[in-house]
Amino acid sequence: MVELEGLNAIPVIAVDGPSASGKGTVAQRVARQLGYHYLDSGALYRLVAVAGQRAGVALDDEPELTRLALQLAVEFVDDRILLDGVDVSAAVRSEATGKAASTIAVLPELRAALLERQRAFRQAPGLVADGRDMGSVVFPDADLKIFLTASAEERARRRHNQLKEKDLLGSAADDIFDRILQDIVDRDERDASRAVAPLKCFPDAHQVDTTSLTIEQAVARIIQLYSCQNANTANV
């Protein structure tokens with residue numbers, strides 16, 4: 001690997017993948033194990049969606065959403081997400097916000113506005129960043145690029161169980177699986193076909209299919225790949 005100066009010398013592990021692939025949980029645990037910082041890039045888009053909804057901004061109002069993105073006062077404190085000092089974790093992680101975030105994520109001006117904010121998370125001793133374009137756009141020089149995926153059915157099952165455990169499904173808990181599955185399929189199509197930074201596994205990324213893996217196994221696989229990458233770099 002080419003030796004870089006300044007911020008670009010700080011190692012980055014980029015973890016991309018589709019909705020409900022487990023990339024957030026896995027990336028966060030990899031970061032904790034390595035003692036690195038963690039970036040949930042999707043949370044930034046969700047925060048813009050929440051801020052927009054609170055301000056009465058339409059999801060297709062690109063200039064106003066971009067303005068809000070540039071002014072976001074956001075903090076990630078443990079598992080909490082603060083917007084202007086207020087804990088908005090529940091709102092950010094809701095299904096409705098996820099859909100809104102996917103809708104606004106196609107807006108080029110908004111993506112450009114959030115680009116440098118994401119790159120600012122690159123701090124010593126290192127960063128693990130998860131999203132959909134971490135390795136392709138935000139950190140193209142990442143030391144390790146992972147594309148974390150799983151079958152649509154398995155991702156729907158995980159999302160269904162997650163919502164059920166949090167009692168967010170109500171009386172429809174046992175009847176909503178098909179709707180969740182269709183939402184995931186629709187979002188995959190939307191993310192993969194967008195004109196700006198489409199979701200896909202690029203040739204320089206390692207694909208890790210978690211359909212039959214536990215969280216611990218997925219974390220161990222990424223740590224192993226990172227160790228091998230570092231060993232190969234040291235021998236160059």
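The values are calculated or read from the model by the stated rules, or taken from the named source; none is laboratory data. Computed from a prediction, not measured in an experiment: that's the story for all the values here. Cβ placement follows ideal geometry from the backbone for every residue including glycine, while neighbour counts extend to all protein chains displayed.
Quick check on the stretch 161-173. Is at least one of its residues within 19 Å of the chain's Cα centre (by Cα) and on the phi < 0 side of the Ramachandran plot? There is at least one residue in the stretch 161-173 that is within 19 Å of the chain's Cα centre (by Cα) and on the phi < 0 side of the Ramachandran plot.
Among the residues of the stretch 68-93, those that are part of a helix (DSSP H, G or I) and either touching a Ser or Thr at 6+ places or on another chain (Cβ under 6 Å) or crowded, with 18+ Cβ neighbours inside 10 Å (or both) comprise Leu68, Ala69, Ala91, Val92.
Here's the yes/no breakdown for (1) modelled with pLDDT of 90 or more; (2) under 20 Å from Arg190 (Cα atoms); (3) out of contact with any His (no Cβ under 6 Å at 6 or more places or on another chain):
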| site | (1), (2), (3) |
| --- | --- |
| Leu59 | yes, yes, yes |
| Ala69 | yes, no, yes |
| Arg80 | no, no, yes |
| Val106 | no, yes, yes |
| Arg111 | yes, yes, yes |
| Pro125 | yes, no, yes |
| Gly131 | yes, yes, yes |
| Ser136 | yes, yes, yes |
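Scanning the stretch 63-85 for residues that are under 21 Å from the mean Cα position of the chain (by Cα) and touching a residue at least 12 places away in the same chain (Cβ under 8 Å) gives Leu65, Thr66, Leu68, Ala69, Leu70, Leu72, Ala73, Val74, Phe76, Ile81, Leu83. Figure legend. Inter-residue proximity from the stretch 201-225: first residues over 21 Å from Val137 (Cβ atoms), second residues among the basic types (Lys, Arg), beta-carbon distance below 8 Å, spacing 6+ or different chains. Indicated pairs: Leu213/Arg221; Ile215/Arg29; Val219/Arg29. Being in contact with a Ser or Thr (Cβ under 9 Å, 6 or more places away or on another chain) and in contact (Cβ under 8 Å) with a residue 60 or more places away in the chain: is that true of Asp130 here? Yes, satisfied. When Val2, Val48 are screened for being at pLDDT 90 or above, of a type outside the set (Asp, Glu) and either outside any helix (DSSP H, G or I) or surrounded by 16 or more Cβ atoms within 10 Å (Cβ to Cβ) (or both), only Val48 passes. Sub-8 Å Cβ pairs linking a first residue in the stretch 143-167 that is without any contact (Cβ under 8 Å) to a residue 24 or more places away in the chain and surrounded by fewer than 20 Cβ atoms within 10 Å (Cβ to Cβ) to a second residue that is among the small types (Gly, Ala, Ser) and part of a loop (DSSP other than H, G, I, E, B), at least 6 apart or interchain, are Lys164/Ala173, ordered by first then second residue.
Considering the conditions (1) more than 16 Å from Arg132 (Cα to Cα); (2) among the acidic types (Asp, Glu); (3) out of contact with any Lys or Arg (no Cβ under 7 Å at 6 or more places or on another chain), Asp87 is excluded by exactly one of them, (3).
Starting from residues that are modelled with pLDDT of 90 or more and not in a helix (DSSP H, G or I), keep the ones in the stretch 20-39 and report whichever is farthest from the chain's Cα centre (by Cα). So the residue we want is Gly35.
For Arg194, the conditions (1) under 26 Å from Gly52 (Cα atoms); (2) without any contact (Cβ under 8 Å) to a residue 60 or more places away in the chain all hold with the exception of (2).
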